[in-house]
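Some notes on the structure that comes next.
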Protein chains: 2
Amino acid sequence: LRIALDAFGGDNAPRANIDGAKLALKQALESGTESFEIALVGDGRQLEKFGLEPVSSQLSFIDIPRPKGRSPKSLPSIAENPESAIRTALRMHSQGDFDAVVSAGSTGAQVLASILELERCQGVSRPAIGAFIPTAGGNCLLIDVGASLVATPMHLLQFAIMGNVYFRELMGNPSPRIGLLNVAAEAYAGEHAAIEAHRGLSESRLNFVGFVEGRDVPAGKADVVVVSGLIGNVLLKYIEGLPALFSKFASISDSESLYRVIAEKLDFHTFGGEPLLGVNGVSIICHGASNERSVAAAIHQAVRISRMGLNRKIEDALKESADLVSIQHIKKAGFRRGLRPRR
Amino acid sequence: LRIALDAFGGDNAPRANIDGAKLALKQALESGTESFEIALVGDGRQLEKFGLEPVSSQLSFIDIPRPKGRSPKSLPSIAENPESAIRTALRMHSQGDFDAVVSAGSTGAQVLASILELERCQGVSRPAIGAFIPTAGGNCLLIDVGASLVATPMHLLQFAIMGNVYFRELMGNPSPRIGLLNVAAEAYAGEHAAIEAHRGLSESRLNFVGFVEGRDVPAGKADVVVVSGLIGNVLLKYIEGLPALFSKFASISDSESLYRVIAEKLDFHTFGGEPLLGVNGVSIICHGASNERSVAAAIHQAVRISRMGLNRKIEDALKESADLVSIQHIKKAGFRRGLRPRR
């Protein structure tokens, strides 16, 4: 297995990425798991500045000169320029040179570049990112957390199907409880797109538990919580910010032990990165503020996902669901009415 | 002052409402604040079943017979029926019989009924509900949390102006920091409606601190966080559910003191209820699961808001802002493009 790591992606690049790659290899050696190779991809002259020495045959450097022209900081120039590091790495992945690509760079650019270079799985109209968040009943998968912003009923249904496959394969739970996030629990109330998707999910073979409201998420009412990327992103980042709130409360309490548990449970560095679900390949999206530890965790995640055969399973699940009349119904309704407000 | 309380609104009605009314009067008596009257409004025959006795001259019962026909549980029948208890109470309020109406019934029905009976303040196209949530920098006002779901740039701008007045008057902070919730911090990135509203807010006289991301909310980066009702509602309810999550963690830690602080800070019963901002009157919306304590808190909130002259101040603030060219610009952009996705 060969994992490409975007050397200059992320707020702490390239230091955190280089150290994270070395840490991942060390951890794999120590735990005795099957070995893999890491290729750091990026501008060679810039990498040289950081005094890099190949530490082992498993860590190589691939020079992708920074494209001339527009600032590489803006999303369009990174994603639209075929010569950018992320696109080159993803193209090499699609050609078989790598088994996965890991990046802590701009999420928007990586999503767009992944769609352009890897293309979408059959039946997927919009890829999604799932993220695990803690609940009283174990970790639940929130999907989508920002691959796109607004979702039609058809998109929500696809997120549910992809999230179901991902949760099932990763957590070994054959029938995760699928919930659809909404502002009300009644099947007729709330956002239009959610109401339409509810109808489709009710007729699907998924273990659909209906609408979940905000409070049902931390209570652990569903294993997979389906939502538009706009809401999912706000919620995920809110959760990420909670330790800042509780550190304030902890200072006025006589013990900080619960605070340490909370901070650890909510620490995004533990999760590392998550795959963009619905593209033909393994594109692992990391937090922009990733550190050495989270980069290493993301590399292990890339290895795990690469061995899972996830995309074929997603395609099969979508094919199965395509037979349902409800999806055709929703597909039309989605395009026609999905983006309008309730009234 | 005379406050109408919807006797049969809420999951714990009428018991919690009756007990809450008595508690509020007792608290007012004990604290020596200016006195007020409470009128419990609802179906008299049903109230009789609960063996009600007038406890004082300050607590009266007003019989509003339950309208015949459709089930009063559905939103349209409650809000669209002029004879429903909530509409009758609001109509009596608009005619001067009451100074405020408090209800723990359906939020959707109360919003619609308030718009129909009280009408909107001059310049307000969509009323909003603000709710206080704890942050590391004190309580912040999240607006809107569900008076409507999807918001155009113009609506977001109005939420900001109304939230600014409300926070200023209630908290005595002359220039609260206004933040606009988005998935990114850059002025050009994220949801289209947010980007357009950002432009208008930048040109306003408000103390606008720009986009805030999910994690900035608990960190306390803004005093007023402006957002569409769909996202605000999900976030508010998520926060409400956090004690369930942390009670789980607390059991594995050696002390529960921080948990008690968290549970208390996040307890919605403390807040009682919030006014529907932007209607000509005082319509206090309570949590459906309100108990005796939160109903009493909502009644005190109704008394406070009634004495504040909030609506005139909101109208003045909107009039002031209407002069800005930016608002006209946004108004058009909002109707034309506000509801479309980013791409």
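The values are calculated or read from the model by the stated rules, or taken from the named source; none is laboratory data. On a predicted model such as this, the values are computed, not experimentally measured, just so you know. Every residue, glycine among them, receives a Cβ derived from its backbone with ideal geometry; neighbour counts consider all protein chains shown.
Tabulated results
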quantity	calculated
Meets criteria (of a type in the set (Lys, Arg) and in contact with a helix residue (DSSP H, G or I) (Cβ under 8 Å, 6 or more places away or on another chain)) for A:Arg91	yes
Any hit, the range B:258-278, residues being in contact with a strand residue (DSSP E or B) (Cβ under 8 Å, 6 or more places away or on another chain) and of a type in the set (S, T, N, Q)	no
Residue list for the range B:176-235, restricted to those being charged (D, E, K, R) and within 20 Å of A:Gly146 (Cα to Cα)	B:Glu186, B:Glu191, B:Glu196, B:Glu213, B:Arg215, B:Asp216
Residue match in the range B:231-238 (condition: of a type in the set (Phe, Trp, Tyr), more than 23 Å from the chain's Cα centre (by Cα) and part of a helix (DSSP H, G or I))	no
Residue satisfying condition, being surrounded by fewer than 23 Cβ atoms within 10 Å (Cβ to Cβ), touching an Asp or Glu at 6+ places or on another chain (Cβ under 8 Å) and farther than 21 Å from A:Leu235 by Cβ, within set B:Glu292, B:Glu203	B:Glu292
Filter result for B:Ile3 (part of a strand (DSSP E or B), among the β-branched types (Val, Ile, Thr), under 28 Å from B:Ile305 (Cα atoms) and modelled with pLDDT of 95 or more)	yes
Filter pass, A:Gly281 being surrounded by fewer than 16 Cβ atoms within 10 Å (Cβ to Cβ), over 30 Å from A:Gly241 (Cα atoms), small (Gly, Ala, Ser) and at pLDDT 75 or above	no
Whichever residue in the range B:287-343 is assigned to a loop (DSSP other than H, G, I, E, B), more than 22 Å from B:Ser125 (Cβ to Cβ) and basic (Lys, Arg) and, among such residues, is modelled with the highest pLDDT	B:Arg307
Answer residue from the range B:112-141, given it is β-branched (Val, Ile, Thr) and within 11 Å of another protein chain (Cβ to nearest Cβ) and is farthest from B:Ile86 (Cα to Cα) among those	B:Thr135
Of residues in the range B:149-164 being crowded, with 23+ Cβ neighbours inside 10 Å and out of contact with any strand residue (DSSP E or B) (no Cβ under 7 Å at 6 or more places or on another chain), the one farthest from the other protein chains (Cβ to nearest Cβ)	B:Ile161
Number of positions in the range A:217-238 that are surrounded by 24 or more Cβ atoms within 10 Å (Cβ to Cβ) and more than 7 Å from every other protein chain (Cβ to nearest Cβ)	9
The one condition in (1) buried (at least 23 other Cβ atoms within 10 Å of the Cβ); (2) more than 9 Å from chain A (Cβ to nearest Cβ); (3) not aliphatic (A, V, I, L, M) that B:Gly190 fails to fulfil	(2)
Test: residue in the range A:242-254 that is closer than 30 Å to A:Ile115 by Cβ, within 11 Å of chain B (Cβ to nearest Cβ) and not hydroxyl-bearing (Ser, Thr, Tyr)	no
Total residues in the range A:55-92, condition assigned to a helix (DSSP H, G or I), surrounded by fewer than 18 Cβ atoms within 10 Å (Cβ to Cβ) and at pLDDT below 80	2
Residue tally, condition assigned to a loop (DSSP other than H, G, I, E, B) and either at positive phi or touching a helix residue (DSSP H, G or I) at 6+ places or on another chain (Cβ under 6 Å) (or both), over the range B:239-254	2
Any hit, the range A:255-271, residues being away from chain B (no Cβ under 13 Å), within 18 Å of the chain's Cα centre (by Cα), surrounded by fewer than 16 Cβ atoms within 10 Å (Cβ to Cβ) and under 17 Å from A:Ala131 (Cα atoms)	yes
Looking only at the range B:98-123, and only at residues there that are under 14 Å from the mean Cα position of the chain (by Cα) and assigned to a loop (DSSP other than H, G, I, E, B), the one that is nearest to B:Val150 (Cα to Cα)	B:Ser106
Of the criteria (1) in contact with a Lys or Arg (Cβ under 8 Å, 6 or more places away or on another chain); (2) within 11 Å of another protein chain (Cβ to nearest Cβ); (3) not acidic (Asp, Glu), which one B:Asn207 fails	(2)
